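Asker: Sharing a structure below in structure tokens format, with a few things to ask.
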Amino acid sequence: MFKKINAPADMTVGSPWKCILKFTVPMLIGNIAQQLYSTVDSIVVGKYEGDNALAAVGSAAPILNLLLVLFIGISAGTGVMVSQYFGAKNRKSLSHTIGNSITVTAIACLLLIAVAAPLIHPLLTVLNTPESIHDACADYLMISLIGMAGMAYYNILSGVLRGMGDSFSSLIFLLIATVINIVLDIVFVAEEFGIEMGVPGVALATVIAQLISSALCMIKLSRMKEHFDFGPAYLKPQKHYVMTIIKLGLPSGLTQAIFSSAMIIVQSLTNSFGEMFIAANVVIMRVDGFAMMPNFSFGMALTTFAGQNVGAGLYDRVKKGAKQGTLMAVTCSAVITGAILLFGKYLMGLFTDTKELIDLSNSLMRILAIGYIAFAVTQSLSGVMRGAGDTLTPMWISLITTVIIRVPVAYIISYLTRTPELPFGRQECIQLSLVSSWVIGAILTAIFYAIGKWKDKAIKQ
């Protein structure tokens with residue numbers, strides 16, 4: 001039985017909703033486990049080091065997300081290619097795609113370290129990072145950057161496994177790494193163990209855990225010779241495969257870059273409200289990360305489902321799966337929204353004992369809750385379009401909702417609500433702008449999916 005659930009899945013046969021759900025559940029558990037990385041970091045530093053340390057980890061998050069855009073692009077492009085070649089049973093192209101993605105990732109890691117390392121301190125200064133958390137934030141970012149290869153390879157190699165319908169293996173590897181991360185967080189930070197590294201300790205724990213998970217993914221792929229060839233000959237870059245990875249992955253990478261850049265711009269506004277508000281946003285982001293997991297999981301499942309079925313030429317099956325998958329995602333998000341509204345205060349209390357911080361975090365989280373249902377629609381239908389090879393449309397929608405809506409709305413609300421008592425305006429401007437962008441994004445995504453131009457974007461075999 002273990003071998004069966006641990007094997008690649010052909011999503012071109014069987015009931016669409018069952019294929020999608022079977023694929024989504026282990027991936028959802030894996031995404032929750034991955035979210036535990038940053039959540040445990042926050043809980044440990046918040047409980048052992050205090051609210052300022054919690055704020056330092058939170059201030060690092062938008063910058064760290066921006067550093068990851070290269071790998072998100074590579075992973076997205078590789079995932080689409082793997083799913084379509086696997087659906088088309090094209091062994092040669094599948095083998096070259098996997099090998100070339102490994103090589104491209106190695107080059108990207110080296111370039112990123114060389115370019116980004118000298119910019120960390122200046123960037124934190126430009127973002128008005130409070131002096132009390134500047135150095136701790138910089139240490140967290142530097143350690144994460146040096147160990148970026150683990151995070152990069154896990155995301156890309158687990159994406160390869162998912163593209164072939166195997167969402168179970170990456171789940172097992174991630175659960176192993178998550179346990180390691182939790183243990184090392186406590187060992188490196190808690191005073192009982194005598195190391196007491198503080199904020200750098202949680203970064204180091206995460207890096208070690210991610211290196212282990214990526215190594216396990218590599219071992220798994222090397223043993224899947226019944227589906228593709230894996231060896232040095234396929235690591236040699238070939239123009240066709242490298243350019244296709246870039247062509248398909250660039251829009252997704254740019255989408256994440258746009259989103260991360262917006263987060264950094266908004267982070268500057270967030271920092272102006274002081275350490276308490278920064279810490280509240282860290283707590284919100286951690287809870288938000290879990291709330292978003294079903295949306296991302298259904299989105300990735302629909303990408304694989306659409307990719308395999310487009311590769312096999314089954315477009316009616318793609319549309320049926322899109323409808324069923326979106327309905328499941330919306331239902332799941334509705335349940336999560338209700339849970340946040342009912343139990344939000346208890347969730348916030350996991351991160352801090354400061355009552356003021358708990359109350360502030362809970363009130364801001366309630367604003368975001370309604371947006372999760374809209375975001376479920378966006379992720380699901382965008383996943384279908386990406387799987388079909390249309391990665392540009394989701395990018396343009398993200399550009400519109402982030403650059404034209406989210407950032408301006410945040411600053412406009414902040415400006416219009418300024419008073420002598422609130423020199424930077426009302427803090428709720430951050431959350432209100434985000435919900436606005438989610439709702440408009442869902443409307444635009446549904447319109448462009450219905451237009452149907454994604455049907456003409458399949459990779460030529």
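Asker: Could you provide, to the nearest whole Å², the per residue accessible area of the stretch 148-200 with probe 1.4 Å? Don't jump to the answer; show the numbers that get you there.
Answerer: On the way: 1690 Å² over 53 residues.
Value returned for the stretch 148-200: 32 Å² of accessible area per residue.
Asker: From the protein chains alone at 1.4 Å, what is the descending order of accessible area for Asp229, Asp135, largest first?
Answerer: The ordering from most to least exposed comes out as Asp135, Asp229.
Asker: What ranking, highest mean first, results for peptides 93-100, 153-160, 215-222 when packing means the other Cβ atoms within 10 Å averaged over each residue?
Answerer: Listed from highest to lowest mean packing, they are 153-160, 93-100, 215-222.
Asker: How far apart, in nm, are two points set 7 Å out from the Cα along the Cα-to-Cβ line at Leu342 and at Ala215?
Answerer: Result: 4.4 nm between the two label points.
Asker: Here's something else I'd like to know. Let me have the relative contact order for the chain, percent, based on Cα pairs under 8 Å that are six or more residues apart.
Answerer: 24
Asker: Right, another one. With every protein chain left in place and a probe of 1.4 Å, what is the accessible surface of Val377, to the nearest 10 Å²?
Answerer: The value for Val377 is about 40 Å².
Asker: Here's a follow-up. With a sphere of radius 14 Å drawn around the Cβ of Thr103, what net charge do the other residues whose Cβ falls strictly inside it have (Lys, Arg +1; Asp, Glu -1)?
Answerer: +2
Asker: If each DSSP helix of 4+ residues adds -39,500 (n - 2.57) and the sum is divided by the residues in the chain, what number results at 222 nm, nearest 500 deg cm²/dmol?
Answerer: Taken over the chain, the calculation gives -27000 deg cm²/dmol.
Asker: Expressed as a whole percentage, what fraction of the accessible surface of the stretch 366-445 belongs to carbon and sulfur atoms when a 1.4 Å probe is rolled over the protein heavy atoms?
Answerer: 74
Asker: Would you mind getting the accessible area per residue of the stretch 8-106, heavy atoms of the protein chains only, 1.4 Å probe, in Å²? Before the final figure, lay out each step's value.
Answerer: Working: 2940 Å² over 99 residues.
Averaged over the residues of the stretch 8-106, the accessible area is 30 Å².
Asker: Further, regarding this structure: For Ala106 and Lys247, what is the calculated FRET efficiency with R₀ set at 22 Å and r taken between the beta-carbons, to the nearest 0.05?
Answerer: Between Ala106 and Lys247 the formula returns 0.65.
Asker: Determine the share of the stretch 27-112's accessible area contributed by carbon and sulfur atoms, expressed in whole percent, with a 1.4 angstrom probe.
Answerer: With neighbouring chains kept in place, the figure for the stretch 27-112 is 70 percent.
Asker: Follow-up question, since we're still on this one. Give the peptides 198-204, 391-397 in descending order of average Cβ contacts within 10 Å, highest first.
Answerer: Output ranking for 198-204, 391-397: 198-204, 391-397.
Asker: Another question, if that's okay. Between Arg418 and Ile443, what length comes free when the chain is fully extended (0.36 nm per residue of separation minus the Cα-Cα distance, one decimal in nm)?
Answerer: Value of the extension gain: 5.9 nm.
Asker: Between Ser15 and Met197, 0.36 nm times their residue separation minus their Cα-Cα distance comes to what?
Answerer: 60.4 nm
Asker: Pop the C-beta distance of Leu350 and Val179 into the FRET formula with R0 = 22 Å and round what comes out to the nearest 0.05. Walk me through the numbers on the way to the answer.
Answerer: On the way: r = 18 Å, r/R0 = 0.84.
That pair, Leu350 with Val179, gives E of 0.75.
Asker: Continuing with this model, one more query. State in Å² the accessible area per residue of the stretch 300-454; use a 1.4 Å probe, count heavy atoms of protein chains only, and round to the nearest integer.
Answerer: With all protein chains present, the stretch 300-454 gives 44 Å² per residue.
Asker: Taking Cα atoms, how many degrees apart are the long axis of helix 407-416 and the longest axis of the chain, rounded to 10 and kept between 0 and 90?
Answerer: 20
Asker: What ranking do 57-70, 261-274 get when scored by the average of other Cβ atoms within 10 Å per residue, highest first?
Answerer: On the way: 57-70: 22.6, 261-274: 19.1.
For the peptides 57-70, 261-274, the packing ranking is 57-70, 261-274.
Asker: Rounded to the nearest Å, what's the spacing between the alpha carbon centres of the stretch 150-180 and the stretch 182-210? Just the number, please.
Answerer: Taking the Cα centre of each part, the stretch 150-180 and the stretch 182-210 sit 22 Å apart.
Asker: How far apart, in nm, are two points set 7 Å out from the Cα along the Cα-to-Cβ line at Gln238 and at Ala334?
Answerer: According to this spin-label approximation, the distance is 4.8 nm.
Asker: Taking a 25 Å limit on the Cα-Cα distance, which of the listed pairs Lys320/Lys453; Lys22/Lys236; Lys89/Lys247 fall beyond it?
Answerer: Lys22/Lys236
Asker: Assign unit charges at the C-beta atoms only (+1 for Lys and Arg, -1 for Asp and Glu), then state the dipole size of the chain relative to its Cα centre in Debye, rounded to the nearest 20. Don't skip to the end; give the middle numbers.
Answerer: Details: 31 positive and 24 negative charges, 546 e Å.
So the dipole magnitude of the chain works out to roughly 2620 debye.
Asker: Please report the net charge: other residues with Cβ closer than 14 Å to the Cβ of Gly231, K and R +1, D and E -1.
Answerer: +4
Asker: Working out 0.36 nm times the residue gap between Val115 and Lys453, then minus their Cα-Cα distance, what length gain in nm do you get to one decimal?
Answerer: Computed gain between Val115 and Lys453 is 117.9 nm.
The values are calculated or read from the model by the stated rules, or taken from the named source; none is laboratory data. The shown structure was predicted, so the numbers you read here are calculated from the model rather than taken from an experiment. Methodologically, a virtual Cβ is constructed for each residue, glycine included, from the backbone with ideal geometry; neighbour enumeration extends over all protein chains shown. Each accessible area value is taken on the protein alone, full model and side chains, heavy atoms only, with ligands, DNA and RNA left out. Shrake-Rupley method; radii C 1.70, N 1.55, O 1.52, S 1.80 Å.
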